[in-house]
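The values are calculated or read from the model by the stated rules, or taken from the named source; none is laboratory data. Since the model is a prediction, treat every value here as computed from it, not as a measurement. Cβ coordinates were reconstructed from backbone atoms using ideal geometry, including for glycine residues, and neighbour counts include every protein chain displayed. For accessibility, only protein heavy atoms count, side chains too; no ligands or nucleic acids. Shrake-Rupley method; radii C 1.70, N 1.55, O 1.52, S 1.80 Å.
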Amino acid sequence: MSTRTHGSEADTVSRVSERRLKHWGWGYEDEQPSHDEVTQAAAFITGRLGFGSAEPERPVPLSEVSLPPPRLRPPASIDGICRSDDYDRALHAYGRSYRDIVRAFRGRFDHPPDLVAHPRDEDDVQAVLDWAVSAGAAVIPFGGGTSVVGGVTVPPGDHTGVVTLDLKALNRVLEVDPVSLSARIQAGATGPGLEDQLAEHGLTLRHFPQSFQFSTLGGWIATRAGGHFATLYTHIDDLVESVRALTPAGVWESRRLPGSGAGVSPDRMLLGSEGTLGVITEAWMRVRPRPTHRASAAVRFDDFATGAGAVRTLSQSGLYPTNCRLIDPGEAALTGAGDGSHALLVLGFESADHDVEPWMTRALECCSDHGGSWERRGSGGGDDRDAAVGSWREAFLRAPYLRDTLIAIGILSETFETAITWDRFASFHQTVLERAAAAVRDVSGAGSVTCRFTHVYPDGPAPYYTILAPAVRGSELEQWAQIKQAASDAVIECGGTITHHHAVGRDHRPWYDRQRPEAFAQALRAAKHAVDPSGALNPGVLIDG
């Protein structure tokens with residue numbers, strides 16, 4: 001038997017708008033450090049990295065930004081939920097990739113949306129969608145706006161205007177089924193919002209991407225986001241029971257089932273569709289009791305390759321650790337989790353049902369067989385957590401905030417992630433690392449490329465690379481493009497995927513076109529035409545209209 005949740009919709013909507021997000025960077029306006037604080041941070045960061053400027057730039061205030069006038073006016077029927085003020089249009093013009101933030105930091109908003117619609121319910125979504133399509137406008141579904149691949153960037157084009165559809169007011173857990181351990185959740189619910197509501201039932205979704213604070217369920221589904229679990233339940237895909245979306249051709253809703261072999265899955269087509277096939281409004285999600293048993297350890301290896309051998313053993317052991325993130329020595333040093341002499345494996349198990357210490361004991365035996373060592377083990381996730389693990393975790397959570405400061409002090413900060421089978425990993429990693437590092441040297445003169453595993457599978461890891469380099473102020477976008485080209489070419493030419501969990505968006509589109517089979521591309525275009533014949537939904541992402 002399922003339970004329908006209660007609560008005032010007005011209350012949930014008001015919670016969305018209590019604080020203003022920064023129109024140009026990560027987080028809220030009241031979290032932005034003062035210029036003096038940024039200057040102090042610059043002295044520390046430039047001293048540690050050996051590059052960057054000790055004199056940070058200031059972001060261009062919105063009051064000094066001139067946006068092109070809106071090309072559209074909404075009809076009276078939806079006028080009350082549409083906005084065209086400078087703040088709302090600037091906030092929704094970009095995601096939060098490096099080059100998005102650079103452009104917004106400098107006050108460059110060449111193609112902001114003409115209108116931002118804030119639907120209160122699914123009827124509002126349908127009304128906006130119907131009007132926008134009839135008016136010849138492009139429609140961009142918008143959740144948390146945390147895309148790092150140009151997934152919500154407004155494109156120039158032949159449309160009469162652009163309407164961004166901000167879904168964050170659709171933020172409720174509508175129904176909970178404690179028997180089947182599932183919940184019906186609206187697509188605009190943010191990570192903290194849905195977790196708070198599930199906690200009232202003793203449940204959790206346990207999907208924690210780095211963007212967790214601001215990203216939404218619909219965004220996770222649309223981008224096939226990677227989350228908390230390093231093994232087994234690595235993507236949001238594994239937690240989806242059914243999905244409901246609105247398209248220009250009608251409602252797309254799959255039957256709620258634990259599994260099905262009935263043809264091509266309607267859920268699978270929406271997973272990763274990035275707003276091009278429909279506007280996801282809600283989904284039934286697989287939830288679980290909140291964990292009560294935990295075990296953690298930080299295991300050190302002489303080098304990254306040795307640690308990778310241990311991780312392969314763990315991934316093929318059937319132990320399925322919750323956390324199994326291997327960090328190379330360079331990244332461990334940058335985050336304060338090590339001194340640069342060892343690779344670090346952040347290892348953890350959790351359960352709501354049973355003691356996980358036997359699993360940890362066996363996992364550490366596997367690590368020991370590969371030369372791993374550790375000083376202490378933690379349980380319960382409290383103060384006994386290894387200091388190295390705590391340092392890395394804090395750096396992981398603060399990274400999106402830090403990037404704003406890095407841009408201000410002239411440091412190029414970018415990441416790219418992929419996946420490859422174990423048999424090809426060593427040669428793949430060496431080639432990608434060498435070519436990315438060479439591009440960084442050629443373009444920026446200095447810098448670093450580091451790596452960690454975010455998720456692992458029995459047949460291969462998902463390496464995640466981080467680039468830090470000196471930026472030439474005013475030329476950051478050109479630098480980024482050259483480094484991105486070299487790294488992405490290397491990934492595709494060596495047999496990896498252009499993205500493991502960051503989505504395709506517009507930034508990865510050229511390499512996605514090379515990765516996918518052409519026959520599949522034709523089928524995808526036909527599906528797009530069937531549900532969105534005018535090509536209104538997020539044009540330029542995944543496929544051409």
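Judged by the mean number of other Cβ atoms found within 10 Å, the most tightly packed of the peptides 515-523, 346-354 leads the ranking 346-354, 515-523.
Largest accessible area first, the listed residues GLU122, GLU394, GLU476 line up as GLU394, GLU122, GLU476 when surface is computed with a 1.4 Å probe on the assembled protein chains. Heavy-atom surface analysis with a 1.4 Å probe gives the range 409-545 a carbon and sulfur content of 55 percent of its accessible area. Largest first, the extents of the alpha carbon coordinates of the range 161-314 on the three principal axes equal 57, 36, 35 Å. Computed over the Cα atoms of the chain, the ratio of the radius of gyration to the Kirkwood radius (Rg/Rh) comes to 0.95.
Centre-to-centre, using Cα atoms only, the range 26-90 and the range 508-543 are separated by 32 Å. Short to long, the 10 Å bins of the Cα pair-distance histogram for the range 267-391 hold 13, 36, 25, 19, 8, 0 percent of all pairs. The residues packed around ALA439, meaning those with a beta-carbon under 13 Å from its beta-carbon, carry a net charge of -2 if Lys and Arg are +1 and Asp and Glu are -1. Solvent exposure of the chain, expressed per residue, is 41 Å² of accessible area, with all protein chains present and a 1.4 angstrom probe. So how far, in whole Å, is the C-alpha centre of the range 425-469 from the one of the range 282-338? Taking the Cα centre of each part, the range 425-469 and the range 282-338 sit 18 Å apart. Taking the protein heavy atoms of the range 314-384 in the context of the full set of protein chains, the accessible area attributed to carbon and sulfur is 43 percent at 1.4 Å. Could you tell me which of rounded, prolate or oblate describes the range 291-331, using a ≥ b ≥ c as the square roots of the eigenvalues of the alpha-carbon gyration tensor, with rounded for a/c under 1.5 and, failing that, prolate when a/b is larger than b/c and oblate otherwise? Since a/c reaches 1.5 but b/c is at least a/b, the shape of the range 291-331 is classed as oblate. Full extension of the segment from PHE520 to SER317, taken as 0.36 nm per residue of separation minus the current Cα-Cα distance, would add 69.6 nm. Treating each Cα of the range 228-286 as one equal point scatterer and applying the Debye formula with no solvent, the log10 of I(q)/I(0) at q = 0.14 Å⁻¹ comes out as -0.39.
Peptides 436-445, 503-512, 30-39 ranked from most to least packed by the mean count of surrounding Cβ atoms within 10 Å: 503-512, 436-445, 30-39.
Near GLU414: Cβ cut-off under 12 Å, other residues only, Lys/Arg at +1 and Asp/Glu at -1. The net charge is -1. If we count every other residue with Cβ under 14 angstrom of GLY474's Cβ, Lys/Arg +1 and Asp/Glu -1, where does the sum land? Once all neighbours under 14 Å are counted, the net charge is +2.
Pairs of Cα atoms nearer than 8 Å and 6+ residues apart set the relative contact order; for the chain it is 15 percent.
Which residues in the range 64-83 place their backbone N less than 17 Å from a point set 7 Å from the Cα of SER134 along the Cα-to-Cβ direction? Counting backbone N atoms under 17 Å from the label point, the list is 72-82. Evaluate E = 1/(1 + (r/R0)^6) for ASP36 and ALA481, where r is the Cβ-Cβ distance and R0 equals 30 Å; express this FRET efficiency to the nearest 0.05. Here the calculated transfer efficiency is 0.35.
Using the Stokes-Einstein relation with a Kirkwood hydrodynamic radius computed over Cα pairs, the translational diffusion coefficient of the range 434-528 at 10 °C and a viscosity of 1.306 mPa s comes to 106 µm²/s. Once the Cα-Cα distance is subtracted from the 0.36 nm per residue extended length, the ASP110 to ALA399 segment shows a gain of 101.3 nm.
Amide H contacts under 5 Å for ALA225: ILE236, restricted to partners 5 or more places along the chain or on a different chain, H placed in the peptide plane at 1.01 Å from N. Carbon-plus-sulfur accessible fraction, the range 166-252 (probe radius 1.4 Å, protein heavy atoms only): 50%.
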